[in-house]
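The values are calculated or read from the model by the stated rules, or taken from the named source; none is laboratory data. Just so it is clear, the model here is predicted, and its values are computed rather than measured. All Cβ positions, glycine included, derive from the backbone under ideal geometry; neighbour counts span all protein chains shown. Please note that ligands, DNA and RNA were not included when accessible areas were found on the heavy atoms of the full protein model with its side chains. Shrake-Rupley method; radii C 1.70, N 1.55, O 1.52, S 1.80 Å.
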Amino acid sequence: MTRSLATVYGTDLAVEEFGSGAPVLLLPSEEGPASTRPFAEALGRDRHVLMPHHPGYGESRRLPWNASIRDLAYLYSDVLEGEGLRGVHVVGSSLGAWVALELAAMGNGRISSMTLVGPVGIKLGGTEERDFVDVHSISAEERAERAYHDATLGALHADSLTIEELAHVMLCRETFTTYVWEPYLHSRSLRHHAARIRVPTLVISGSSDRLVRAGYHEELADFLPNARYAELPACGHFPDIESPAETVTLFNVFAASGTATV
């Protein structure tokens with residue numbers, strides 16, 4: 001089921017819902033909500049999952065300014081408050097994990113845990129060290145090979161798309177660039193606010209992820225105050241897409257434990 005929620009910014013936000021039980025806010029990656037849907041359905045077997053379409057993706061229009069990732073965090077904070085949700089497990093993938101980090105750093109008391117799948121958003125390396133591969137500087141083929149264990153999952157077959165479908169793909173890419181540019185794929189201030197992220201956190205990485213610097217996700221888990229690290233084999237930057245069942249299993253064990261130990 002998809003609902004349309006009015007926002008204080010004058011645009012509607014599309015939110016898909018799955019299952020029933022303890023609430024989960026699922027924040028999709030830049031691959032879009034359609035790619036995340038099988039993972040959302042699997043999570044929804046035991047929980048009530050709310051998966052918003054980020055503004056500019058899926059059925060949600062872009063916000064009426066060049067919005068930032070922090071703006072999305074404010075938006076989803078409003079959603080949690082408007083829905084009266086507490087004890088929420090926040091799950092974010094890549095771009096969505098960055099939003100989750102910003103949301104948790106705000107000290108939102110409605111969050112009980114956070115699961116970050118292939119996260120970005122906090123730069124840990126030195127000024128001359130690149131933590132994240134600039135996807136704008138490589139070919140679509142190389143991007144697919146770096147992002148996925150099975151590169152065919154990231155291939156864009158433009159010849160098979162309608163004009164409308166291709167236009168939507170281009171709009172999503174434009175939206176992604178608006179959110180992540182300058183500085184690329186991170187916030188200059190978020191690392192300084194990370195000490196405020198006190199909820200139990202699980203960082204999940206794919207063993208074949210080559211969109212981030214080797215070892216980055218393990219370092220991030222060490223950097224965050226209350227986090228643990230888990231790695232899934234045979235998947236890349238988006239374990240929720242390549243290995244949804246295994247990612248759900250890791251989440252379920254983590255959420256049931258009530259701690260950051262997995």
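Scanning region 157-199 for residues that are of a type in the set (Gly, Ala, Ser) and more than 16 Å from the chain's Cα centre (by Cα), we see that the one that is modelled with the lowest pLDDT is 158.
Are any of the residues in region 20-29 more than 25 Å from residue 256 (Cβ to Cβ) and touching a strand residue (DSSP E or B) at 6+ places or on another chain (Cβ under 7 Å)? No, region 20-29 has no match at all.
When you check residue 84 against the structure, is it over 28 Å from residue 192 (Cα atoms), out of contact with any helix residue (DSSP H, G or I) (no Cβ under 6 Å at 6 or more places or on another chain), open to solvent by 10 Å² or more (accessible area, probe 1.4 Å) and part of a loop (DSSP other than H, G, I, E, B), yes or no? So residue 84 passes the test.
Checking every residue in region 193-214 against the condition of being under 16 Å from residue 118 (Cβ atoms), in a helix (DSSP H, G or I) and touching a residue at least 40 places away in the same chain (Cβ under 8 Å) gives zero matches.
Can you say whether residue 102 is of a type in the set (Asp, Glu), assigned to a helix (DSSP H, G or I) and crowded, with 23+ Cβ neighbours inside 10 Å, as far as the supplied structure shows? Yes. The single condition among (1) under 27 Å from residue 71 (Cα atoms); (2) among the small types (Gly, Ala, Ser); (3) at pLDDT below 95 that residue 154 does not meet is (1).
Any residue in region 6-14 that is in contact with a His (Cβ under 9 Å, 6 or more places away or on another chain) and exposed (fewer than 15 other Cβ atoms within 10 Å of the Cβ)? For region 6-14, residues in contact with a His (Cβ under 9 Å, 6 or more places away or on another chain) and exposed (fewer than 15 other Cβ atoms within 10 Å of the Cβ): absent.
Would you confirm whether any residue within region 120-129 is free of Cβ contacts under 8 Å to residues at least 24 places away in the same chain, over 21 Å from the mean Cα position of the chain (by Cα) and farther than 22 Å from residue 216 by Cβ? Among the residues of region 120-129, not one is free of Cβ contacts under 8 Å to residues at least 24 places away in the same chain, over 21 Å from the mean Cα position of the chain (by Cα) and farther than 22 Å from residue 216 by Cβ, which makes the answer no.
Answer yes or no as to whether residue 101 is in contact (Cβ under 8 Å) with a residue 24 or more places away in the chain and farther than 10 Å from residue 23 by Cβ. Spelling it out, residue 101 is indeed in contact (Cβ under 8 Å) with a residue 24 or more places away in the chain and farther than 10 Å from residue 23 by Cβ. Looking at the structure I just gave you, is residue 259 open to solvent by 20 Å² or more (accessible area, probe 1.4 Å), assigned to a helix (DSSP H, G or I) and at pLDDT below 95? In short, no. Within region 214-245, if we keep just the residues that are within 24 Å of residue 40 (Cα to Cα) and of a type in the set (Phe, Trp, Tyr), the residue that is nearest to the chain's Cα centre (by Cα) turns out to be 238. Against the list (1) assigned to a loop (DSSP other than H, G, I, E, B); (2) surrounded by 15 or more Cβ atoms within 10 Å (Cβ to Cβ); (3) at pLDDT 90 or above, the condition residue 108 fails is (3).
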